[in-house]
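What follows is a set of notes on a single structure, which appears directly below.
Computed from the coordinates by the stated procedures, all read-outs in this text should not be read as laboratory data. Please read these numbers as outputs of a predicted model, since none were measured by experiment. Cβ coordinates were reconstructed from backbone atoms using ideal geometry, including for glycine residues, and neighbour counts include every protein chain displayed.
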Amino acid sequence: MLSTTTNSHERQNVVIIGAGSAGLATSYFLSEKNIDHVVLERGEVGNTWNVERWDGFHLVNPNWAVRLPGFHYVGEEPEGYLSKRETIDYLQDYAKHFDAPVRAGIEVETLGQHGDAYRLTTSSGHMIEARCVVVATGAFGVPKTPDFSSGLSSSVTQIHSAEYKNPKTLYDGGVLVVGSGQSGAQIAEELLQADKQVWLSVGNAGRRPRRYRGRDSSWWNYTMGNFDKTIENVESIDSARFGSSSHTSGAGGGHDIYLRQMAKNGVTLVGPVTGGDDVTISLRTDLKEILDAVDAHPIQWKQGVDEYVEKHGIKVPMDDTVDPPGIKHWPKGAVLSELNLVEAGIKTIIWSTGFKYDFDWIKLPITGEHNFPIQRRGVTEYSGLYFMGLQWMYGSKSAQFIGVGEDAEYVAGHAAERFG
């Protein structure tokens, strides 16, 4: 079926929703198979990276792991880490590389079935019918904040980590960052470096070593096959899909983030937030136990590397990493059970509390628990309807530059069978 267009109605073979890494990788393989399709993007190519990442953001996997199909990183810093702007440029250059049929500035408002096809309506009222639709709207969905946040005083500004841009955009005064996964820990560190008074509500995310035995931790994860784990060989798929990612940083050339060191440098660490009302936040008091578990995470990971090195006879240096001196007993003092925002001088809360999926705009019963799409490696029970780029959609790297192309090739191949 060739694409046809009228003033308000159009027919396409395949519509891809989203021009990020997942959508573009799928488009690449459809183009390789000479299948007519369009990619609809509500903003510009790489829109999510532009809108939902702070200005100082860097990828946490090295540049050599930036491997979209047909367009691997070939720059002069394979061990570096792309910045936010460089990541967007990479995606936009990728789209140009194979002349991806992207239509920017088009937001899909609804998707439903219509006969043996799918019908999409856009914010402009335009209607598109397609034999196949690939939903590639992002790995993390929409920002999630706790219900009780609406009951906190309006004297404190609340934003999600997806809305944070840089320290200068915040009001004067202290900042409470809630959550110590990748985003929360990095944002708290950036605020500390900008001389902000920072409180960090610690979560259960572990600490990821930046380097070990002469190699980046991503290299070890890749070499040991950790990136190749699928939903079939993890203990808890819910923990994998919805748990916090271990914190490390690609900023400043890449480095470890030590929560205890942040405490020593002036950040006030507190336990997980359990509730709040007006100007008072309630907190768990098992902070020290949580920090012990955070510090145990890299020890266990390093043991796994050591066993792998010995088993395979890999010639690498012995461990020469040393934790910063004097941080073992931080934080000092009593553990807080509640925090008065006014008394602490906190003017801003940054909720680094993750995301939730919202597919209500799809007028089909396609989601299950946690509103996660019901699919198998992107293929749903609805013929011709696919998903791409979800966190742990099929495996560890389903939403990462290093592996999203593998799922894209699978989905594109499955879709191509409808046009054989």
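Using 0.36 nm per residue of separation minus the Cα-Cα distance, give me the extension gain between Glu107 and His370 in nm, one decimal.
Here the answer is 92.3 nm.
Taking the Cβ of each residue in Phe401, Phe148 as the centre, tally the other Cβ atoms inside 10 Å and list the residues starting with the fewest.
Exposure proxy ranking, most exposed first: Phe148, Phe401.
List Lys315, Lys397, Lys347 from most exposed to least, where exposure is judged by having the fewest other Cβ atoms within 10 Å.
Lys315, Lys347, Lys397
Rounded if a/c is under 1.5, else prolate if a/b beats b/c, else oblate: with a ≥ b ≥ c from the C-alpha gyration tensor eigenvalues square-rooted, which is the stretch 143-351?
Prolate, since a/c reaches 1.5 and a/b exceeds b/c.
Output wanted: per-residue J couplings in Hz (rounded whole) for the stretch 264-281, from phi through Karplus 6.51 cos²θ - 1.76 cosθ + 1.60, θ = phi - 60°, x for Gly and Pro.
4, 7, x, 6, 8, 8, 9, x, x, 6, 10, x, x, 7, 6, 10, 10, 10
Can you compute the helix-only [θ] at 222 nm over the chain? Use -39500 (n - 2.57) per DSSP H run of at least 4 residues, normalise by all residues, nearest 500 deg cm²/dmol.
-7500 deg cm²/dmol
Extension gain Asn340-Asp195, at 0.36 nm per residue separation less the Cα-Cα distance, in nm?
Net length gain for the segment: 50.1 nm.
Check which residues have an amide H placed less than 5 Å from Thr110's amide H, if you skip close sequence neighbours.
Residues meeting the amide H criterion: Thr121.
Under 18 Å Cα-Cα from Lys347, which lysines qualify once same-chain neighbours fewer than 8 residues away are excluded?
Within the straight-line cut-off, Lys347 pairs with Lys165, Lys168, Lys196.
Counting only residues 5 or more places away or on other chains, whose amide H sits under 5 Å from the amide H of His160 once H atoms are built in the peptide plane?
For His160, whose amide H was placed from the backbone, the distant partners under 5 Å are Trp351.
Can you run phi through the Karplus equation (6.51, -1.76, 1.60; θ = phi - 60°) for the stretch 113-122 and list ³J(HN,Hα) in whole Hz, with x for Gly and Pro?
7, 8, x, 9, 10, 10, 10, 10, 10, 9
Counting pairs of alpha carbon atoms under 8 Å apart in space and at least six apart in sequence, what relative contact order in percent does the chain give?
Relative CO of the chain lands at 23 percent.
Check which residues have an amide H placed less than 5 Å from Val102's amide H, if you skip close sequence neighbours.
Val39
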